[in-house]
Amino acid sequence: MKSRSILACTLFTMLVAGLNFPIGKIALAFGSPFVLLAIRFIGAGLLMLPFILRRPHPRQAADWLKIAVIGLFQSGLVMAGIYLSMETITSGSSSILSSTNPIWFIVFSFLLFGVRYRIIQWLGVLVGFAGVAMTQGFKVQMEAGFWYALGAGIAWGLATLLTSRWGKLYDSWVMAAYQMLIGGVILLAASPLLEQPEFRLDPSELGKELFVIGWMILMSSIAQFVTWYYVLQNSDPGKANVYLFLIPLFGLLSGWLILGERLHTYVLAGAACIGLGIIFVNWPGRRPTDDVNIEGADSNVPANTGGTSAR
């Protein structure tokens, strides 16, 4: 019974993560990317505050700095890249490109920390990169959205690497709440510098717009975090991590169902290659020679005992 509950929670987390892409694209119709994300993360962080006040907090300035850096990458750069990308490319393509983060994770852990991986994991990197090229029809696309989404995947890999290094030092709930708050404040401060701040509610579309905002705060951030945290606490994080390949699949399908985005054959093939690459990257076996685990996901869930992040 417990295994079924874990599987249901895992699939729920991946489904919500995939749905976040078309929901985010809908939100862009009534707000600019940085303002929308600031509302999401500050709102979620404030709602979590009453539940974490009595939990252990960092005491040193260096610890708060580490949480701030995680917030900059995880809630700031990753999600800003995703939302900016959806201004010029489909939500499905954005979900595929940004979901390359587990691949970038092992690249950076090797380059920065000298972590050694097995051949099958490097094969996963190559297959994943081939999938990225395939989603673009093996052509160099100059749309800004392509580079924003790919940059989000790169930043996501770095964020996960930092979280895997530092996350065990802090209470997961405390770090999640504060990194969202810090990331939200950074995005709000950057808005007038990097975009034309905009947030408007249309009375004729008020119900839909409030639903989207509520989804971003309650589902994309809080519910998704709580569910994924439960999965990581009650299962093998390495096995749960394999399900990350479902995020771009759910992103593609939800973009097609909700927004009517076209499903090109080469995009589906590329998504399959990226998913296969992620499976290879997370293939069970001997752990790397350093104390770093392969991790993925939203940028709001810190690693815990070698876990992953959910989108």
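Quick notes on this structure:
- Count of the range 107-128 residues which are touching a residue at least 24 places away in the same chain (Cβ under 8 Å), out of contact with any Leu (no Cβ under 9 Å at 6 or more places or on another chain) and not basic (Lys, Arg): 9
- Only a single criterion out of (1) touching a helix residue (DSSP H, G or I) at 6+ places or on another chain (Cβ under 9 Å); (2) part of a helix (DSSP H, G or I); (3) not aromatic (Phe, Trp, Tyr) is not satisfied by Ala29, namely (2).
- Going through (1) over 23 Å from Arg59 (Cβ atoms); (2) crowded, with 20+ Cβ neighbours inside 10 Å; (3) of a type outside the set (A, V, I, L, M, F, W, C) one by one, Tyr170 falls short only on (1).
- Taking residues in the range 269-287 that are basic (Lys, Arg), and partners anywhere that are at pLDDT 85 or above, the pairs with Cβ atoms closer than 8 Å and at least 6 places apart or on different chains are Arg286/Arg118.
- Hey, Ala62 surrounded by 20 or more Cβ atoms within 10 Å (Cβ to Cβ) and either without any contact (Cβ under 8 Å) to a residue 60 or more places away in the chain or touching a helix residue (DSSP H, G or I) at 6+ places or on another chain (Cβ under 7 Å) (or both) or not: no
Here is a yes/no grid of residues against (1) at pLDDT below 85; (2) within 24 Å of Lys25 (Cβ to Cβ); (3) assigned to a helix (DSSP H, G or I); (4) over 12 Å from the mean Cα position of the chain (by Cα):
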{"site": "Val107", "(1), (2), (3), (4)": "no, no, yes, yes"}
{"site": "Gly124", "(1), (2), (3), (4)": "no, no, yes, yes"}
{"site": "Gly137", "(1), (2), (3), (4)": "yes, yes, no, yes"}
{"site": "Met142", "(1), (2), (3), (4)": "yes, yes, no, yes"}
{"site": "Gly153", "(1), (2), (3), (4)": "no, yes, yes, no"}
{"site": "Gly157", "(1), (2), (3), (4)": "no, yes, yes, no"}
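- Total residues in the range 173-211, condition out of contact with any Ser or Thr (no Cβ under 8 Å at 6 or more places or on another chain) and surrounded by fewer than 21 Cβ atoms within 10 Å (Cβ to Cβ): 21
- Residue check, Val185 more than 20 Å from Met216 (Cα to Cα) and among the β-branched types (Val, Ile, Thr): no
- Single condition Ser75 does not satisfy, out of (1) within 23 Å of His264 (Cα to Cα); (2) crowded, with 24+ Cβ neighbours inside 10 Å; (3) among the polar types (S, T, N, Q): (1)
- Hey, Gly238 crowded, with 22+ Cβ neighbours inside 10 Å and either assigned to a helix (DSSP H, G or I) or modelled with pLDDT under 85 (or both) or not: no
- So Gln74, is it of a type in the set (S, T, N, Q) and free of Cβ contacts under 8 Å to residues at least 40 places away in the same chain: no
- Of the criteria (1) in a loop (DSSP other than H, G, I, E, B); (2) over 22 Å from the mean Cα position of the chain (by Cα), which one Ser3 fails: (1)
The values are calculated or read from the model by the stated rules, or taken from the named source; none is laboratory data. Note that this is a predicted model, so its numbers are computed, not measured. Cβ: placed from backbone, ideal geometry, glycine included. Neighbour counts: every protein chain shown.
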